[in-house]
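Worksheet: one structure, shown below.
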Amino acid sequence: MSIDPSEIVYFQWGFVSISATLVFTWITMVILSLGSFLITRKLKPGPKMTKGQNILEAAIETIRKQIREVSRQEPGRYLPFIATLFIFILAANILSVVPGFIAPTGSLNTTIALSLCVFFAVPVYGIKSLGLLGYLKQYIKPTVLMLPFNIISELSRTLSLAIRLYGNVMSASIIAAILIGVIPIFFPIVLQLLGLLTGVIQAYIFAILAIVYIGSATNKKK
């Protein structure tokens, strides 16, 4: 049984390959795009809002509140990036309970890609907020001797983000495979429910850590 979706290759031609990671990433993106279109095509103010619009606005407001509380800054400029990370990871993890769906977040390729997005977002937001020199000065605080350690910290936390998300999704898949083989009726159902909870928690943790990293790079009080 293949656990990592990158090991499942549907099409191979030379150096071009289409793996389950790519396929289910695009499936997740299509589902999210279609869902967004259906919810937002008839936006209405006040009491005429649909249930979908109510849920969407509540979710966005919750994300805005979390960004404000963690970063101590106005969430507007961070909202599109952080919300996209959270919603994609959440959707991918939750869809894994659908028979036949393989969560792309169970691939190290996906988690590294998501972590690299955060890695590059930190200096982009930092430079926008503090300017190039202001951002670079943070690497030599409190002393220039800290420069190599601060650089290592940037790289290590990117790796940590990728491994943390990958490890949790992978471990859930391995446990599910074992329990299905041992007790194929009851425990898999319980595990699916726990998987839903774990998926929400992992999406939340990843988004919160992204906010922390970006917030630390854009804090003008430093």
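Would you check if there is a residue in segment 86-108 being under 12 Å from I211 (Cα atoms), open to solvent by less than 30 Å² (accessible area, probe 1.4 Å) and out of contact with any Asp or Glu (no Cβ under 7 Å at 6 or more places or on another chain)?
In the first step, residues of segment 86-108 are kept if they are under 12 Å from I211 (Cα atoms); the result is 86.
Remaining after also requiring open to solvent by less than 30 Å² (accessible area, probe 1.4 Å): none.
Within segment 86-108, none of the residues are under 12 Å from I211 (Cα atoms), open to solvent by less than 30 Å² (accessible area, probe 1.4 Å) and out of contact with any Asp or Glu (no Cβ under 7 Å at 6 or more places or on another chain).
If we scan segment 70-77, do we find a residue that is open to solvent by less than 50 Å² (accessible area, probe 1.4 Å), among the β-branched types (V, I, T) and in a helix (DSSP H, G or I)?
Checking segment 70-77: not a single residue is open to solvent by less than 50 Å² (accessible area, probe 1.4 Å), among the β-branched types (V, I, T) and in a helix (DSSP H, G or I).
Give the number of residues within segment 1-26 that are surrounded by fewer than 16 Cβ atoms within 10 Å (Cβ to Cβ) and in a helix (DSSP H, G or I).
2
Could you check, for segment 184-197, whether at least one of its residues is modelled with pLDDT of 65 or more and within 23 Å of C117 (Cβ to Cβ)? Full working, then the answer.
First, pick out the residues of segment 184-197 that are modelled with pLDDT of 65 or more: 192-197.
From what's left, within 23 Å of C117 (Cβ to Cβ): none.
Checking segment 184-197: not a single residue is modelled with pLDDT of 65 or more and within 23 Å of C117 (Cβ to Cβ).
Need pairs with beta-carbon distance below 6 Å; first residue under 11 Å from I60 (Cβ atoms) and within segment 70-84, second at pLDDT below 85; sequence gap 6+ or separate chains.
From segment 70-84, no pairs qualify.
Which residue pairs have Cβ atoms closer than 9 Å, lie 6 or more positions apart in sequence or on different chains, and pair a first residue in segment 151-178 that is under 17 Å from I112 (Cα atoms) with a second residue that is at pLDDT 70 or above and outside any helix (DSSP H, G or I)?
Y166/D4; Y166/S107; V169/S96; V169/A103; V169/S107; M170/D4; M170/S107
The values are calculated or read from the model by the stated rules, or taken from the named source; none is laboratory data. Fair warning: this is a prediction, and the values are worked out from it, not measured in the lab. For neighbour counting, all protein chains shown are included, and Cβ atoms are generated from backbone atoms with ideal geometry for every residue, glycine included. In case anyone asks, the SASA skips ligands and DNA or RNA and just uses the protein heavy atoms, side chains included. Shrake-Rupley method; radii C 1.70, N 1.55, O 1.52, S 1.80 Å.
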